1. So how strong a dipole does segment 305-352 carry about its Cα centre when Lys and Arg Cβ are +1 and Asp and Glu Cβ are -1, to the nearest 20 debye?
2. Provide the gained length on full extension for the span residue 380 to residue 365, in nm with one decimal, where the gain is 0.36 nm per separating residue minus the Cα-Cα distance.
3. Per-residue HN-Hα couplings for segment 319-333, Karplus 6.51 cos²θ - 1.76 cosθ + 1.60 at θ = phi - 60°, whole Hz, x for Gly and Pro?
4. Would you mind calculating the gained length between residue 398 and residue 425 on full extension (0.36 nm times residue separation, minus the Cα-Cα distance), in nm to one decimal?
5. Which residues' amide hydrogens lie under 5 Å from the amide hydrogen of residue 126, considering only partners 5 or more residues apart or on another chain, with H built in the peptide plane?
6. Among 383, 436, 372, which residue has its Cα furthest toward the positive end of the charge dipole of segment 372-478, with +1 on Lys/Arg Cβ and -1 on Asp/Glu Cβ?
7. Once fully extended, how much extra length lies between residue 224 and residue 302, figured as 0.36 nm per residue of separation less the alpha-carbon to alpha-carbon distance?
8. Sorting 448, 206 on the 10 Å Cβ count, fewest up front, what's the list?
Amino acid sequence: MADGEDGCPAGREPGPEPGEEFEIVDRSQLPSPGELRSAAKPRTGSEGWSAPILTLARKATGNLSASCGSALRAAAGLGGADSGTDGAARAASRCQMMEERANLMHMMKLSVKVLLQSALSLGRSLDADHAPLQQFFVVMEHCLKHGLKVKKSFIGQNKSFFGPLELVEKLCPEASDIATSVRNLPELKTAVGRGRAWLYLALMQKKLADYLKVLIDNKHLLSEFYEPEALMMEEEGMVIVGLLVGLNVLDANLCLKGEDLDSQVGVIDFSLYLKDVQELDGGKEHERITDVLDQKNYVEELNRHLSCTVGDLQSKIDGLEKTNSKLQEELSAATDRICSLQEEQQQLREQNELIRERSEKSVEITKQDTKVELETYKQTRQGLDEMYSDVWKQLKEEKKVRLELEKELELQIGMKTEMEIAMKLLEKDTHEKQDTLVALRQQLEEVKAINLQMFHKVQEKEDTSVRHSHEAGLNPRP
């Protein structure tokens, strides 16, 4: 499917970007729903595929047909004008964009249907080598590239669908893990490879439909990346999001390591969707069962989404009710506060008036008192001047007396110092005399002791001589 026409000026032949291969599929080349119904046997209502999605798709197809017809009529009416060539080119470009959107929507519907049917036969678990899954990503990539604006830089023109997908991280915090994982993969070198890896991870997370719905709900942000007639900017985008909800029942195990996502060529293989009539007839019972299971899973998934939405709305209502009650309480409190402030203001005004009157009276009294005090001050000043002169004279006299006293004090201090020195000398002399007296007393005691010893010795000698003489008298010589 060609998606390289967006961003080209009107009247210029659009062409694909270098390094990308696209196939232009005309809607007339695809089998119509009527042809498919005629090729197969009629089915009952329960054997059809996802009735709510088909209803949305038919409604979008009808709107597209009507808008395409009006665009063609407008182009035919503008042909006779002076600017008929440019108007016809713009109308043809819009009609071509409508055709491309319709083709992409039908291809997405067929891709999702074939993917669900093959997943049922494989037990609802898929890997990266599954052909219908690969073709689904190719169709999804074409849908995201449709109407993508070309961004010019110094290196050249850049056109990648990873730019819009990066917005999901800002709008939905749950997608931050995916964006971080994609940026941290070392084998991804281009934005196209990162965008494909992002789609792989979102499908494994079963949040691909939710993330794209968040993007489509914020079309004012998508307008920076897409043309106004792009698929993501029109109602076909919501139809495709509805188709993607059914994929949440699948379990995809996709390994990004070893996958060459940068250089894959996005070419749609129509052989998966153009099946033989006999094969369709032979698998009637199987298709009926798978369709019923798909419808059941779709209804369960839709019910889950609606339950989540109802819960969110209920929580919002509760929050709004609490906020409303708080605001009412705050309003009543503010009203009471205003009334009290008005009363307080009135009281303050009355008090201000009383204070003003009192202040005027006090000013008059203060003026009179000030005059009296000024006269008193002048008289007091005169008396103080006289007193100051007397005190100054007295101070001079006292200074003289003080000088005389200081001189006398210095003399007394000198005399006292001399007396202290004399006292110290006397004390020293007294101590020396006392030491001499003590020494003399010791010598006297020693002399007395010596005399006493000599006396005792003399007495002993006398006694000895007396005894000898007595003995001699008792024993005469023969």
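Derivation of every value follows stated rules applied to the coordinates shown; laboratory data play no part. Owing to the predicted nature of the structure, the values given are computational and were not obtained by experimental measurement. Please note: Cβ atoms are built from the backbone with ideal geometry, for glycine as well, and neighbour counts cover all protein chains shown.
1. The dipole magnitude comes to about 160 debye.
2. Numbers: separation 15, 0.36 × 15 = 5.40 nm, distance 2.19 nm.
This chain segment gains 3.2 nm when fully extended.
3. x, 5, 5, 4, 5, 5, 5, 5, 5, 5, 4, 5, 5, 5, 5
4. Result for the pair: 5.7 nm of gain on full extension.
5. 251, 252, 253
6. 436
7. Gain in length upon complete extension: 25.0 nm.
8. Sorted ascending by nearby Cβ count, the order is 448, 206.
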